[in-house]
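First the structure, in the form of structure tokens, and then the observations on it.
The values are calculated or read from the model by the stated rules, or taken from the named source; none is laboratory data. In this text the structure is predicted, and so the values were computed from the model without any measurement. Here the Cβ is made from the backbone with ideal geometry for all residues, glycine too, and neighbour counts use every protein chain on show.
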């Protein structure tokens, strides 16, 4: 059914693009209304898919956690006043929205509860760590980035995190430690130019080290 729906929308859009230039003004107005209708439907599908994807993610984590518990024969007792899964997913979604809007204080409020329960979910930890940094909570940012370097097998993410840790140390004027982190970041990802630029700022006094900022994403 979904494949048929997308096939129909593709067909409509193909016809619109082919006929638009030769269409009369009335026909162009009709095509515009059809386009708006399809675009609105696409937005709705995207939103609903995001909601479904969040639930799939939580279910996956639940299944993986249950599998690990069976292997070790551990029985976990439910915590009192634990935030319901649906609320956690809602907070993750809101936290991501605030993060994209660069409303970092609000993002922290939403992301902290999720990361507390799902500390191994790296995308949420990255958003939280960057939000901490942008809110001048350097110690909290450093701790999150440090945990990410231990959790992630992705060299790009690990390099990004080491570079961010270097930014934290640069802001604290610990320039030798900052340069060590920048060198590690460059070693892990030689294509990443930012660590080399940051080393130059630290070693050659080419700028204010408090201006050194990690990027918004790896």
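For (1) farther than 30 Å from residue 202 by Cα; (2) more than 15 Å from the chain's Cα centre (by Cα); (3) outside the structural domain of residue 201 (by TED's automatic domain parsing); (4) crowded, with 21+ Cβ neighbours inside 10 Å, each residue gets a yes or a no:
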{"residue": "109", "(1), (2), (3), (4)": "yes, yes, no, no"}
{"residue": "113", "(1), (2), (3), (4)": "yes, yes, no, no"}
{"residue": "126", "(1), (2), (3), (4)": "no, no, no, yes"}
{"residue": "159", "(1), (2), (3), (4)": "no, yes, no, yes"}
{"residue": "167", "(1), (2), (3), (4)": "no, yes, no, yes"}
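For residue 198, state whether it is surrounded by 17 or more Cβ atoms within 10 Å (Cβ to Cβ), at pLDDT below 90, assigned to a helix (DSSP H, G or I) and assigned by TED's automatic domain parsing to the domain that holds residue 124. Judged against the criteria, residue 198 is a match. With the structure loaded, tell me whether residue 112 is touching a helix residue (DSSP H, G or I) at 6+ places or on another chain (Cβ under 6 Å), more than 18 Å from residue 157 (Cα to Cα) and modelled with pLDDT of 85 or more or whether it fails that test. No; evaluated as a whole, the condition is false for this residue.
Would you check if residue 121 is within 30 Å of residue 202 (Cα to Cα), in the same structural domain as residue 189 (by TED's automatic domain parsing), at pLDDT below 90 and under 12 Å from the mean Cα position of the chain (by Cα)? Answer is no for this residue.
Taking the range 14-29 only, how many residues are assigned to a helix (DSSP H, G or I) and at pLDDT 80 or above?
So the answer is 10.
Might you check whether a residue that is in the same structural domain as residue 198 (by TED's automatic domain parsing), under 22 Å from residue 198 (Cα atoms) and in a helix (DSSP H, G or I) occurs anywhere in the range 85-106? No, the conditions are met nowhere in the range 85-106.
I'd like to know if the range 168-180 contains one or more residues that are modelled with pLDDT of 90 or more and closer than 23 Å to residue 96 by Cα. Yes: one or more hits.
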